[in-house]
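Each remark here refers to the structure printed beneath this line.
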Amino acid sequence: MNKIKTLIISVLLSLFLISISSANEFIGVIAAGVGDILNQKNEKLSTGSKIYFGDTIIVKAQSNAQILLLDETALTVGEKSEITIDEFIYDPQSKVGKIVSNIKIGTVKIITGEISKKDPDNLEVNIPTGSVGARGTEFVVVTESDEKSTVVLLGPGKKNTLGMIPGTLNVTDGFNTINISTPGFQSVVFK
């Protein structure tokens, strides 16, 4: 019986230590920051500040930040906005991974990186009214409240002159899903 208790305690301790170490894992950087930018610990962030797994980035009025993640996903966070990186797994060799972020309020423009090029299901952006999945594209999310979010596909489209792979968005409110593949089209998601 003591061996079982010891085994259970050691497994739980190991899982706790793994969760602590992954919470301090470097996943990106503030590539450009202007104004009052904080993390969940109320630490001031500026250009060059490191972003870690689980961080919440809070951008105050008359401020903005551009976050560059290790897979080259770029997040431009507008004023009066808040975003959390809930999950970030990335293997630079295979360019496979997963990103889950949570936009709580404000405006965030996202240019997808390597992770969503491989599999669009591996980039998930949660909003108070649903979620967005994206493949190889650029889009913006405007979350006005817990009741309403707007998602706009910025591009590229099917017949772009740059020869880029057309981007698509999958927007869901938890019950209904809509695919957006034409730049400039949007979906307004209500709770």
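Only one entry of 24, 39, 64 meets the criterion of being out of contact with any helix residue (DSSP H, G or I) (no Cβ under 8 Å at 6 or more places or on another chain) and free of Cβ contacts under 8 Å to residues at least 24 places away in the same chain, and that entry is 39.
Can you tell me which residue is farthest from residue 75 (Cα to Cα) among those in segment 7-41 that are at pLDDT below 50 and either among the polar types (S, T, N, Q) or in contact with a strand residue (DSSP E or B) (Cβ under 9 Å, 6 or more places away or on another chain) (or both)? Outline the logic, then answer.
The initial filter retains those residues of segment 7-41 that are at pLDDT below 50, namely 7, 10-22.
Subset that is either among the polar types (S, T, N, Q) or in contact with a strand residue (DSSP E or B) (Cβ under 9 Å, 6 or more places away or on another chain) (or both): 10, 14, 19, 21-22.
Numbers: 10: 39, 14: 33, 19: 25, 21: 24, 22: 21 Å.
Step by step, filter segment 7-41, then rank; the result is 10.
Restricting to segment 30-67, name every residue that is hydrophobic (A, V, I, L, M, F, W, C) and over 13 Å from the mean Cα position of the chain (by Cα).
Kept after step one, since they are hydrophobic (A, V, I, L, M, F, W, C), are these residues of segment 30-67: 30-32, 34, 37-38, 45, 51, 53, 57-59, 61, 65, 67.
Answer for segment 30-67, where residues must be hydrophobic (A, V, I, L, M, F, W, C) and over 13 Å from the mean Cα position of the chain (by Cα): 30, 31, 32, 34, 37, 38, 45, 58, 59, 61, 65.
Residues of segment 114-133 being small (Gly, Ala, Ser) and modelled with pLDDT of 90 or more, which ones? Of everything in segment 114-133, those that are small (Gly, Ala, Ser) and modelled with pLDDT of 90 or more turn out to be 130, 131, 133.
Can you tell which of 47, 56 is touching a strand residue (DSSP E or B) at 6+ places or on another chain (Cβ under 6 Å), surrounded by fewer than 18 Cβ atoms within 10 Å (Cβ to Cβ) and within 24 Å of residue 133 (Cβ to Cβ)?
Values: 47 fails: within 24 Å of residue 133 (Cβ to Cβ).
Exactly one of 47, 56 is touching a strand residue (DSSP E or B) at 6+ places or on another chain (Cβ under 6 Å), surrounded by fewer than 18 Cβ atoms within 10 Å (Cβ to Cβ) and within 24 Å of residue 133 (Cβ to Cβ), namely 56.
Go through the residues of segment 87-98 one by one and say whether even a single one is under 11 Å from the mean Cα position of the chain (by Cα), among the aromatic types (Phe, Trp, Tyr) and closer than 21 Å to residue 32 by Cβ.
If we filter segment 87-98 for residues that are under 11 Å from the mean Cα position of the chain (by Cα), which is where we start, we get 87-88, 98.
If we keep only those that are among the aromatic types (Phe, Trp, Tyr) as well, we get 88.
This time we only want the ones that are closer than 21 Å to residue 32 by Cβ, so: 88.
For segment 87-98, residues under 11 Å from the mean Cα position of the chain (by Cα), among the aromatic types (Phe, Trp, Tyr) and closer than 21 Å to residue 32 by Cβ: present.
Which strands (runs of 3 or more DSSP E) sit wholly inside segment 23-74 and have at least 2 residues that are closer than 23 Å to residue 114 by Cβ? Give the derivation first.
Details: elements: 26-34, 37-39, 50-52, 56-59, 64-69.
Fully inside segment 23-74 and qualifying: 26-34, 50-52, 64-69.
The values are calculated or read from the model by the stated rules, or taken from the named source; none is laboratory data. This structure is a prediction, so every number in the text was calculated from the model and none was measured. As a convention, Cβ positions derive from the backbone with ideal geometry for all residues, glycine included, and neighbour counts pool all protein chains shown.
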